[in-house]
1. Arrange A:V101, A:V201 by Cβ neighbour counts within 10 Å, fewest through most, would you?
2. Semi-axes of the stretch A:387-512's equivalent ellipsoid from the Cα gyration tensor, sqrt of 5 times each eigenvalue, largest first, rounded to whole Å?
3. Which residues among the stretch A:214-256 fall inside the zone where the amide N is under 15 Å from a point 7 Å beyond the Cα of A:A303, along Cα→Cβ?
4. Against the longest principal axis of chain A, how steep is helix A:257-280, in degrees 0 to 90 to the nearest 10, with axes from Cα atoms?
5. I want to check the label-to-label distance for A:A199 and A:S94. Put each point 7 Å from Cα in the C-beta direction and report it in nm to one decimal.
6. What list of ³J(HN,Hα) values in whole Hz, one per residue of the stretch A:490-506 in order, does the Karplus curve 6.51 cos²θ - 1.76 cosθ + 1.60 (θ = phi - 60°) give from phi, with Gly and Pro shown as x?
7. Can you give the Rg/Rh ratio of the stretch A:222-349, where Rg is from the C-alpha atoms and Rh is the Kirkwood radius?
8. Quote the Stokes-Einstein diffusion coefficient, in whole µm² s⁻¹, for the stretch A:394-437, based on the Kirkwood radius over alpha carbon pairs, a temperature of 20 °C and a viscosity of 1.002 mPa s.
Amino acid sequence: MVPTVWAGVLAVLMLGPALGAGFVLSYDMVWVPDLALTRDVLGLGSGLPRAVPSDAVIAVLDEVVPGLVLQKLVLVGALVLAGAGAAELVRERSLAARLVVVSLTVWSPYVAERLWMGHWPMLLAYAAVPWLVLAGRRWAAAGPGPVERGPVGRGPVWMLPILLVGSLSASAGIVSAAVVLATGLRRGRRPVLLLAMVAAVNAPWVVAGLTHAGEAASATGFEVFALRGDALPAPLAALTLGGIWNTSVIPASREGWQAWAALALLVGLVGAGLRRWWVGDSQRIAILGLWVAGMAIAILGWAAPQTLDGLAQNIPGLALMRDSSRLLPLCLPLLVLTVAAGVDALRERLRGTAPRWAAAVVLALAPIAVLPDAAWGLAGGIGTADYPASWHQAGAALAEETAPGDVLVLPWSAYRAPAWNGRRPVLDPLPRMLPRASVINGDLVIGGTEIAGEDPRAAAAAEALAAPEPSARAAELSRLGIGYVITDRTAGEAPPLAGETVHDSGDLLLQRLPEEATRPAAYTMGPVRLTAMAVAWVAYGVAWLGATTSTVLLLISIVRRPAANVRD
Amino acid sequence: MGNIIAIVASILVGGGVAAATIVGVVTSSTDNTVENPPSVSESTVQYGTND
């Protein structure tokens with residue numbers, strides 16, 4: 001209980017103003033009041049779907065819980081779950097050791113950088129990792145004899161819900177699957193059932209990736225997205241779970257001596273506990289293997305980006321590794337287990353209660369002391385914002401429209417830095433505010449380098465926008481199945497188009513394009529690919545059903561436990 | 001005697017780390033060093049930097 005409370009304190013301290021009224025919109029973190037379940041959200045659009053299944057899950061859940069509340073729950077929940085899971089993973093250790101691993105897990109460069117970058121599904125995967133180690137261990141240990149059983153077989157009741165929560169994106173799914181399979185997949189321990197669970201929770205993004213294999217293969221940029229050093233050389237930064245590619249989201253303290261202090265602290269504690277952990281853990285090879293895999297992927301992206309760029313053209317799915325430090329949560333279990341053992345080893349060398357507790361306090365506070373600017377919304381890096389009323393009005397105006405076609409979003413760029421969001425960069429939220437599938441520019445500009453997007457329809461739209469006359473642009477777009485264009489006038493220059501104004505609030509202009517005799521219907525996927533996606537979503541739905549059942553059973557058991565205690 | 005020295009040393013070190021933590025957290029929270037794009041009229045907002 002105490003470690004969970006400590007994790008909660010750290011979560012509130014880190015998020016700070018981000019917990020206030022309004023949405024947290026930062027880089028890839030785009031939440032809206034009510035996300036529509038459009039074709040794009042389900043991975044059925046023309047572009048390579050990057051937010052599958054996370055957007056679909058949110059689109060469904062925000063029908064029950066408002067998007068604003070849901071986002072706060074996800075952010076706080078991820079940090080508390082991560083800390084509580086780390087403490088639970090080393091349950092047999094002293095309270096001091098558990099408090100230290102809570103600090104180390106919650107107050108880590110990975111959490112700070114990915115939070116700023118807006119990779120909330122990765123934060124959930126990071127939080128799920130310790131729990132999945134526990135779940136995998138119980139699954140592997142479930143022989144004859146009593147064991148807690150979930151509705152899907154021998155494993156903790158919470159196993160499937162945690163697996164789902166930790167698999168809301170492709171990278172997150174890879175991390176969660178690797179952890180639960182490395183620790184739980186054993187001969188004679190229902191391996192097929194475990195594999196089926198993993199396959200079901202990852203089916204949507206796997207199938208979506210396969211149905212867009214051509215676009216996925218064109219994704220490049222390993223060098224730009226590679227592991228990057230801060231004050232530490234890149235491989236050492238990875239050791240401390242830092243090293244994100246985007247230097248704009250690295251806390252300033254990581255550029256100074258504190259990064260070296262963090263490394264020294266971590267290496268010292270791991271070194272002190274390594275032997276003790278090694279002799280006491282029956283799954284040491286699996287845990288070590290996960291750490292090696294996480295480090296190897298991170299360092300490979302840094303050491304040989306051009307080779308990987310070339311290989312990604314021929315190896316499906318390899319492009320998922322281009323943000324090579326994203327999979328560093330694989331290293332978390334080893335760090336938690338060895339650090340906890342190290343803390344206990346150090347405390348045993350101290351004589352007397354006071355020095356032991358003083359050491360515990362120092363070690364529990366040290367991760368915060370060496371990364372102080374992760375506090376209070378990452379020292380201003382993230383905050384909250386409210387969408388302008390005109391955005392809601394534009395969405396409502398489009399909802400009333402009956403003409404066919406998708407929506408093109410202008411200006412023709414992917415990211416915005418709106419004044420109402422404190423000029424913080426964010427992936428344009430406008431498409432998610434609209435009740436129709438959209439076509440957007442997927443090109444990314446990083447440090448002056450342009451990484452081309454993968455959507456062939458967006459490339460065709462870019463050519464159409466280059467036509468010399470507004471009427472010619474409109475006609476070309478119409479031939480691509482685009483029925484409407486929405487322009488955010490506050491976000492920069494956009495080419496004028498000939499079309500009928502549906503809504504004009506000054507900042508936003510929604511136009512209906514003239515109907516062309518040759519206009520095709522809005523983009524539709526081929527029947528084979530559509531069927532494959534349908535099967536994937538059905539499998540995912542079954543997994544959600546199982547997880548919901550598990551959660552209900554878990555809640556019942558929690559309610560019944562105190563009642564049983566009272567009777568006893 | 002040794003025990004007393006250990007306690008005093010623990011308090012000093014612990015107090016030092018606690019003070020450094022609080023000062024660091026408060027300073028970094030009140031001194032906003034985040035640089036945001038100067039103009040939203042730039043139609044191309046960068047996804048990030050890696051200089």
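1. Listing A:V101, A:V201 from fewest to most nearby Cβ atoms yields A:V201, A:V101.
2. Values: eigenvalues 85, 77, 32 Å².
Sorted largest first and rounded, they come to 21, 20, 13 Å.
3. Only A:227-228, A:234-239 fall inside the zone, counting backbone N under 15 Å.
4. Once rounded, the angle reads 60 degrees.
5. 4.8 nm
6. 7, 9, x, 6, 9, x, x, 10, 7, x, 8, 6, 9, 8, 9, 10, x
7. Ratio value, two decimals: 1.04.
8. The diffusion coefficient I find is 182 µm²/s.
Computed from the coordinates by the stated procedures, all read-outs in this text should not be read as laboratory data. Worth saying up front: this structure is predicted, and the values here are computed from it rather than measured. We place every Cβ from the backbone using ideal geometry, glycine too, and count neighbours over all the protein chains shown.
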